[in-house]
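Here's the structure we're looking at; comments come further down.
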Amino acid sequence: MKALHHDYRIGDLCAAFGVSRSGYHRWRTAAPSARACKDGQLAEQLRELHGQSRGTYGRPRLTMALRQRGQRHSAKRIARLMRALGLRGVRRGRFRPQTTDSRHENAIAPNRLREQAPPLAVDQVWVVDITYIATAEGWLYLAAVLDRCSRRVLGLAMATRLDTALPEAALRQALARRGRPHGVLHHSDRGIQYTSASYRELLRQHHFEASMSRRANCYDNAHMESFWGTLKAELLANRTFTPRAEARLAIFDYVETFYNRVRLHSALGYQSPVDFEQTTN
C-alpha cells in the first residue's frame, strides 16, 4: 500500500484490501517487532562473517561461525536471511590437475599410505603435489606440502618451470617451518619430479619414509586433490591473472592469511588448521 498511496486515496485502498483505516495507520507507525530487530542484528553479522570469509562461506560454515560466537540459530533462519541479503557460498566443481609425468624408469615407492590408519597427530604424514595456474604471461607452476592431520599447508613454492627444484623448495620450506621432524611418511604421486635422484636424496637426508600413489589414481592423494579443488573454487574460479607476480601474491595471501589461519574446515570440527594444531598439541 505504501507504493500505491500516491495514486489512490487511503480510504479506497483500505476498502480494496479489506483493512480498516485505523489498522493501516497502526501498522505504519508500529515499531519493528522483536523478531525483526533480531533478524536485523543477525543479518549484519552474516554480512560481516561472509566478508571475512572472502565471500566463500555458505550456510553450514556461517552457522558454525555464529556458534563460535555463542549463537545458535536454525539452518532455515540462516538460509532465509542469506537469500534476503543475496549471500552465497562458493560451489566447488571437480578438479583434476594433469601435471604428473610417470613415464620414466626412476624408482617407485609403494603406497604405504593405504596401509596406515589416519594420522592422529601432526608431522606423521605429509602429502605433496604439483598443479599449474594459467596467467596471461603463461603457466605458473605451484608445489605444496600439506600436513594430512591438520590440513595445514606447510610448504608452498611457485615457479615458471616444472622441474625438481620446485617441489624441493616447497619441502625445504616445510622442513624449516616444522623444525626438521624425523620419521614423517611422505606421500606423492609418481611424477618424475618426486622420483628424481635429488628429491629422493632430500627425503633420505631427513629420514622420510616414501610413499607413492598407484599409477593414474588421483584418489590415492585425496587430501591434496581436495586442497587444489578448494584453491581453484575459492580463489581462481572466474579469475584471470595478467602478470605471474599477481598470481603469486594472491595465492600466497590466500594460503597463509586465509586458508591456514581463518578458513573453517569441516573435517577439523570447523576450526582453521592453525587453531586445530594449537588445540590438539
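Only the coordinates and a few stated rules stand behind these numbers; no lab work does. This one's a predicted model, so the numbers in the text were calculated from it and none came from an experiment. With ideal geometry, Cβ positions are generated from the backbone for all residues, glycine too; neighbour counts draw on all protein chains shown.
From the Kirkwood radius over Cα pairs of segment 208-248, Stokes-Einstein at 25 °C and 0.890 mPa s returns a whole-number translational diffusion coefficient of 195 µm²/s. Spin-label model, Arg114/Glu209: points 7 Å from Cα along the beta carbon direction are separated by 1.7 nm. Across the alpha-carbon set of segment 207-281, the Rg to Rh ratio works out to 1.04, Rh being the Kirkwood radius.
Can you tell me the 0 to 90 degree angle between the C-alpha axis of helix 34-52 and the longest principal axis of the chain, rounded to 10? Relative to the chain, helix 34-52 is tipped by roughly 30 degrees. The ellipsoid equivalent to the alpha-carbon distribution of the chain has semi-axes of 52, 21, 15 angstrom, derived from the gyration tensor eigenvalues as √(5λ) and listed largest first. Using a Förster distance of 25 Å, how high is the FRET efficiency between Val262 and Asn238, based on the Cβ-Cβ distance and rounded to 0.05? According to the calculation, E is roughly 0.70. The calculated FRET efficiency for Phe252 paired with Lys38, based on their beta-carbon distance and R0 = 51 Å, is about 0.80.
Please give, to one decimal in nm, the separation of the simple spin-label points placed at Arg180 and Ala15, each 7 Å out from Cα toward the Cβ. Reported label-point gap for Arg180 and Ala15 is 9.3 nm. Between helix 244-253 and the chain there is an angle of about 70 degrees, using the helix long axis and the longest principal axis of the Cα atoms. Applying 1/(1 + (r/R0)^6) with R0 = 30 Å to the Cβ-Cβ distance of Arg69 and Ala245 gives a FRET efficiency near 0.20. Projecting the Cα atoms of Gly138, Ser33, Ala107 onto the charge dipole of the chain (Cβ charges, centred on the Cα centre) puts Ser33 farthest toward the positive pole.
Working note: Debye formula, equal point scatterers on the alpha-carbon atoms of segment 23-81, no solvent; log10 I(q)/I(0) at q = 0.19, 0.25, 0.29 Å⁻¹ is -0.68, -1.01, -1.28. State the antiparallel share, in %, of DSSP beta bridges confined to the chain, rounding to the nearest 5. Expressed as a percentage, antiparallel bridges in the chain total about 70. Let a ≥ b ≥ c be the square roots of the eigenvalues of the Cα gyration tensor of segment 128-281; is it rounded (a/c under 1.5), or, if not, prolate (a/b larger than b/c) or oblate? In terms of gyration-tensor shape, oblate. Exposure proxy ranking for Trp228, Trp139, Trp126, based on other Cβ atoms within 10 angstrom of each Cβ and starting from the fewest, stands as Trp139, Trp228, Trp126.
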